[in-house]
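Just below is one structure, and these are the notes that go with it.
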Amino acid sequence: MKMNLNKLLLIACFLLLMLMGLHFLNRASVPDESVAPDEPGSTVAESGIKPSLRWQPGMISEPEQLPEPVTSAQLELPEDPEKIREWARQSPEEALTWLPSAPAGETRDIVAEIVCARVAESNPSEAVSLAESYSGGCSNLLENLVHQWAERDDPAATAYAIQKPAGEERDRLLSRVAFTRSTENPLDAAMLVVEWISPGDVQNEAAISVLHQWALRDPKAALAWAQSFREESLRDRALTEMWNIFSLGKE
């Protein structure tokens, strides 16, 4: 009888332990309603993501709206050319957005000159494209921009100038390229003048400018080229240029 009583006590203890275990398991499986769900901005340590790297409202501001293009109807520019230039210098982005809708004329030419000069500081090829579209055929502006382009990228500027139709504009553009090239490679610059620029005043001026740079680097080679000029007046002028350089060098 005593043995049976002990067995009953052991069985009762075992059943009690099982009931307690089931109770704790049921409580662990029920979600705690006091804990907020994992929403953007909540800190969840179990995820292993650092709170500073999680998205939080307000961390990224809304992008600013891009300015709408400024049309000629929306903007009234002053009549004074100097005031127009001042506006373009002070507001180059606004001036750039104004150009596509601007009517052809002196005002657009003035603004294009300022805008192109600003753009050329970082992207001469883009400035050349703008000048072709909006400068009204201002040759001086285009020549200056090609000059800057050649200083940065001689092959590209040369290719651009050569593809132009034969004529004075192409000759003037090539003369700028030749001058830029002469500071580094006067022989190539001289060949460009002779082979690609049409005979005449533009070619003569280009030859003298290249000769000057060549004489500063290699006087003997420059003198030989000057003496080869067939036109007597150009040859005399070239030799006078050489004499002046030699005289200054001796002082």
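The values are calculated or read from the model by the stated rules, or taken from the named source; none is laboratory data. Please read these numbers as outputs of a predicted model, since none were measured by experiment. In this analysis, Cβ positions are derived from the backbone assuming ideal geometry, glycine residues included, and neighbour counts consider all displayed protein chains.
A compact table of results
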| quantity | calculated |
| --- | --- |
| Some residue of the range 119-129 being at pLDDT below 90 and surrounded by 14 or more Cβ atoms within 10 Å (Cβ to Cβ) | no |
| Residues within the range 159-168 that are in contact with a helix residue (DSSP H, G or I) (Cβ under 6 Å, 6 or more places away or on another chain) and in contact (Cβ under 8 Å) with a residue 24 or more places away in the chain, tallied | 0 |
| Unmet requirement for K83, which otherwise passes all of (1) loosely packed, with under 13 Cβ neighbours inside 10 Å; (2) modelled with pLDDT of 90 or more; (3) within 30 Å of A161 (Cβ to Cβ) | (3) |
| Residue in the range 140-158 that is surrounded by the fewest Cβ atoms within 10 Å (Cβ to Cβ), counting only those that are closer than 26 Å to P81 by Cα and out of contact with any helix residue (DSSP H, G or I) (no Cβ under 6 Å at 6 or more places or on another chain) | N140 |
| Residue check for R181: assigned to a helix (DSSP H, G or I) and either within 32 Å of the chain's Cα centre (by Cα) or not assigned by TED's automatic domain parsing to the domain that holds V128 (or both) | yes |
| Hey, A156 within 29 Å of D201 (Cβ to Cβ), in contact (Cβ under 8 Å) with a residue 12 or more places away in the chain and among the aliphatic types (A, V, I, L, M) or not | yes |
